[in-house]
Amino acid sequence: MSAELASDAPPAHRAGGRAGAWRPPFRPGALLRGLPGALGRAALYVALPVALLAAWQAAFELGYIRPILLPPPTRVGKAFVDLAASGDLFRHLGVSLRRVLEGFAIAALVGLPLGIGIGLSRTLDRLTDLIIQLTKPIPPIAWIPLAILWFGIGEAGKVYIIFLGAIFPILVNTIDGIRQTDHRHVELARVLEVTRRRFILQVVLPGALPSIMTGLRVGLMVAWICVVAAELIAASSGLGYLIMDARQMSQTDQVLVGMITIGAMGKLLDVVLRAAERRLITWKSTFSGS
């Protein structure tokens with residue numbers, strides 16, 4: 001046993017080399033032993049969607065569902081393949097993705113600095129609180145008439161609607177994250193007479209980062225929700241346009257293709273933000289259930 005441990009030990013321990021260069025040995029047996037658990041977790045992850053699809057298809061086959069109201073999964077899959085093969089799906093997806101990213105980026109550029117400023121300044125908080133509390137509950141779709149008057153029917157009005165949907169989750173979570181800075185850390189920084197710049201960069205922002213990342217993820221999700229409303233403004237392309245055009249033509253299978261594509265893109269971008277969150281917030285352990 002001791003010989004085996006010695007052979008697996010870092011080169012630094014065996015030969016006096018650098019510990020940072022050591023890599024754990026590749027063990028095919030350990031990989032194979034972990035495979036059933038990984039497959040089990042993957043099966044559990046997709047079990048409920050697969051069961052729902054099977055129940056949906058079975059309800060259609062038994063005649064409980066009228067296809068004009070809810071086409072079966074097989075028909076939706078065929079519509080997905082047809083739209084993808086023609087290139088229409090990717091064209092609409094590209095347009096909507098660009099609008100979502102533009103609106104979300106502007107919301108992040110405005111919401112993050114404003115949220116940090118409000119969180120750090122009582123004066124700015126008092127100055128902006130009433131207008132934020134009054135405008136936050138207004139749904140973005142209610143802004144469409146004004147967006148048309150202010151920006152016309154071009155791209156700016158659509159991006160503005162997405163911006164309005166994304167900015168409040170980012171702003172509110174940034175403020176809350178800063179307000180939840182550990183009081184003991186604040187007192188310690190005062191005792192040590194830490195400069196304000198170091199206090200913000202090394203105490204406040206790291207402590208608020210989990211809440212800020214949550215705000216960005218929620219803001220991105222709301223941006224995808226708003227893209228359909230934004231593309232009601234005289235759009236001729238985009239997933240929202242695809243859904244509304246298919247609805248007018250009673251093509252419910254294409255409506256579902258557009259909805260599923262929006263959900264899939266929202267999930268994909270959320271995975272990207274989660275990965276960034278794990279890399280940025282390495283000091284915090286989270287409870288993931290039992």
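Assorted remarks:
- Within the option set Leu216, Leu171, being open to solvent by less than 20 Å² (accessible area, probe 1.4 Å) and closer than 15 Å to Gly115 by Cα holds for one residue only, Leu171.
- For the stretch 119-151, the candidate set comprises residues that are among the small types (Gly, Ala, Ser) and in contact (Cβ under 8 Å) with a residue 12 or more places away in the chain; within that set, the residue that is farthest from Ala223 (Cα to Cα) is Gly119.
- For the stretch 230-249, the set of residues classified as among the small types (Gly, Ala, Ser), touching a residue at least 60 places away in the same chain (Cβ under 8 Å) and surrounded by fewer than 21 Cβ atoms within 10 Å (Cβ to Cβ) consists of Ala234, Ser237, listed by residue number.
- In the stretch 174-187, the residues that are assigned to a helix (DSSP H, G or I) and open to solvent by 40 Å² or more (accessible area, probe 1.4 Å): Asp176, Arg179, His183, Arg184, His185, Glu187
- Residues in the stretch 154-194 that are of a type in the set (Val, Ile, Thr) and modelled with pLDDT of 90 or more: Val159, Ile161, Ile162, Ile167, Ile170, Val172, Thr174, Ile175, Ile178.
- The residues of the stretch 85-101 that are touching a helix residue (DSSP H, G or I) at 6+ places or on another chain (Cβ under 7 Å) and either at pLDDT 95 or above or aliphatic (A, V, I, L, M) (or both), listed by number, are Leu89, Leu93, Leu97, Val100.
- Taken residue by residue, the stretch 124-135 has no member that is within 26 Å of the chain's Cα centre (by Cα), acidic (Asp, Glu) and open to solvent by 50 Å² or more (accessible area, probe 1.4 Å).
- Residues in the stretch 188-206 that are free of Cβ contacts under 8 Å to residues at least 12 places away in the same chain and of a type in the set (A, V, I, L, M) were compared, and the one that is least open to solvent (accessible area, probe 1.4 Å) is Val194.
- Restricting the first member to the stretch 94-109 and to residues that are open to solvent by 20 Å² or more (accessible area, probe 1.4 Å), and the second to residues that are not in a helix (DSSP H, G or I), the beta-carbon pairs closer than 7 Å and six or more apart or on different chains are Val95/Ser237; Val95/Gly238.
- If you check Gly63, Gly40, Gly34, Gly17 for being modelled with pLDDT under 95 and loosely packed, with under 10 Cβ neighbours inside 10 Å, only one passes: Gly63.
- Residues being without any contact (Cβ under 8 Å) to a residue 12 or more places away in the chain and within 15 Å of Ala84 (Cα to Cα) - total across the stretch 250-281: 1
- Of all residue pairs spaced 6 or more apart or on separate chains, those with beta-carbon atoms under 6 Å, a first member in the stretch 152-179 that is farther than 21 Å from Ser237 by Cα and among the hydroxyl-bearing types (Ser, Thr, Tyr) and a second member that is part of a helix (DSSP H, G or I) and open to solvent by less than 10 Å² (accessible area, probe 1.4 Å) are Thr174/Gly115; Thr174/Gly215.
- Subset of the stretch 183-210 that is more than 18 Å from Gly115 (Cα to Cα) and of a type in the set (D, E, K, R) - its residue that is nearest to the chain's Cα centre (by Cα): Arg198
- Failed item in (1) within 15 Å of the chain's Cα centre (by Cα); (2) open to solvent by less than 90 Å² (accessible area, probe 1.4 Å), with Ile225 passing the rest: (2)
- Checked against the criterion of being in contact with a helix residue (DSSP H, G or I) (Cβ under 9 Å, 6 or more places away or on another chain) and closer than 30 Å to Val272 by Cα, the candidates Phe199, Phe151 yield just one match: Phe199.
The values are calculated or read from the model by the stated rules, or taken from the named source; none is laboratory data. Please read these numbers as outputs of a predicted model, since none were measured by experiment. With ideal geometry, Cβ positions are generated from the backbone for all residues, glycine too; neighbour counts draw on all protein chains shown. For the accessible areas, the whole protein counts, side chains as well, though only heavy atoms, and no ligand, DNA or RNA atoms are used. Shrake-Rupley method; radii C 1.70, N 1.55, O 1.52, S 1.80 Å.
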